[in-house]
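Working notes, structure below.
The values are calculated or read from the model by the stated rules, or taken from the named source; none is laboratory data. Given the structure is predicted, the values throughout are model-derived calculations rather than measurements. Please note: Cβ atoms are built from the backbone with ideal geometry, for glycine as well, and neighbour counts cover all protein chains shown.
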Amino acid sequence: MKYNVLTNTIKKIKTMSKKTILLAATLFIGFASFANDNSVKEPESTVTTTEATTTDGTDEEYYYERRFSAITEIGTVFAYGKPYFNVYQVVGVRVNPYFFVGQGVGLQVSNNKLLQLQATADFRAYVLDRKITPMFTVQAGVNKVSNAPVDEKRQLGDLQFTMNAGTGILVKARENASFTVNGGYTIFTDFKNNVHGGFVKVGYVF
């Protein structure tokens, strides 16, 4: 009788041990799975960070795309005591968000149909990398006069050196399009005589 009781007790202990081991194994597998799931989520977070970094990198690409730029301007140049209608086109490189250098060509027409053709080097500095920024401009080059009246020929020859130095603002409308308003001082010289004046222009940058 005692032997049967002992045998039954041992069987119960074995059964309980098996259940305990099975429960422990189940819990262990569950914890292992949970830990594994968490370890998988961490790289996903890293991928998101990488995507954010890529997004930041897009800004750098944006600046790169802005490096090649063209500017079209129209306005008025005052010289020889009268206004000239001016059309000016420049193509160049936006070296960085703060500096532009390019090659420009211009056409000036007065009310008496006097024509002036210009070829200049164009330099522009932008104070801020913002939607609205002050800017400084310098254009220097050659001015060729056609059918000049007698009073102007007395002052300067037909081939002149010209320079504009001005200031203004640039207003960004879109990523690759901006508007400018600028004005300042202009000079025409044949290195014997000088004619001083001024200019006002509005432009489109793309």
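Does LYS144 satisfy the criteria of being in the same structural domain as TYR80 (by TED's automatic domain parsing) and either closer than 18 Å to LEU107 by Cα or not in a strand (DSSP E or B) (or both)? Considered against the rule, which asks whether it is in the same structural domain as TYR80 (by TED's automatic domain parsing) and either closer than 18 Å to LEU107 by Cα or not in a strand (DSSP E or B) (or both), LYS144 comes out as yes.
Report whether or not TYR80 is crowded, with 17+ Cβ neighbours inside 10 Å and more than 18 Å from GLY203 (Cα to Cα).
On the way: crowded, with 17+ Cβ neighbours inside 10 Å: yes; more than 18 Å from GLY203 (Cα to Cα): yes.
Yes, satisfied.
Please work out which residue is farthest from ILE169 (Cα to Cα), limiting yourself to segment 47-91 and to residues that are at pLDDT 50 or above and among the charged types (D, E, K, R).
That would be LYS82.
Can you name the residue in segment 77-123 that is touching a residue at least 60 places away in the same chain (Cβ under 8 Å) and in a strand (DSSP E or B) and is also farthest from GLY157 (Cα to Cα) among such residues? For segment 77-123, the residue satisfying everything is TYR88.
Taken residue by residue, segment 127-139 has no member that is surrounded by fewer than 13 Cβ atoms within 10 Å (Cβ to Cβ), in contact (Cβ under 8 Å) with a residue 40 or more places away in the chain and acidic (Asp, Glu). Of the residues making up segment 140-153, just one is modelled with pLDDT of 95 or more and under 16 Å from PHE78 (Cα atoms), namely ASN143. On the stretch given as segment 165-198, residues that are within 14 Å of ASN143 (Cβ to Cβ) and among the aromatic types (Phe, Trp, Tyr) total 2.
Find the residue count for segment 181-206, including only residues that are part of a strand (DSSP E or B), of a type outside the set (A, V, I, L, M, F, W, C) and out of contact with any Asp or Glu (no Cβ under 7 Å at 6 or more places or on another chain). Adding up the residues that qualify gives 11. Selection of segment 100-130 for residues being at pLDDT below 95 and more than 22 Å from GLY197 (Cα to Cα) yields LEU128, ASP129, ARG130. Going by the structure shown, is LEU156 in the same structural domain as LYS192 (by TED's automatic domain parsing) and either modelled with pLDDT of 95 or more or surrounded by 15 or more Cβ atoms within 10 Å (Cβ to Cβ) (or both)? Criteria met by LEU156. State whether one or more residues within segment 155-163 are over 27 Å from PHE68 (Cβ atoms) and charged (D, E, K, R). Scanning segment 155-163 turns up at least one residue that is over 27 Å from PHE68 (Cβ atoms) and charged (D, E, K, R).
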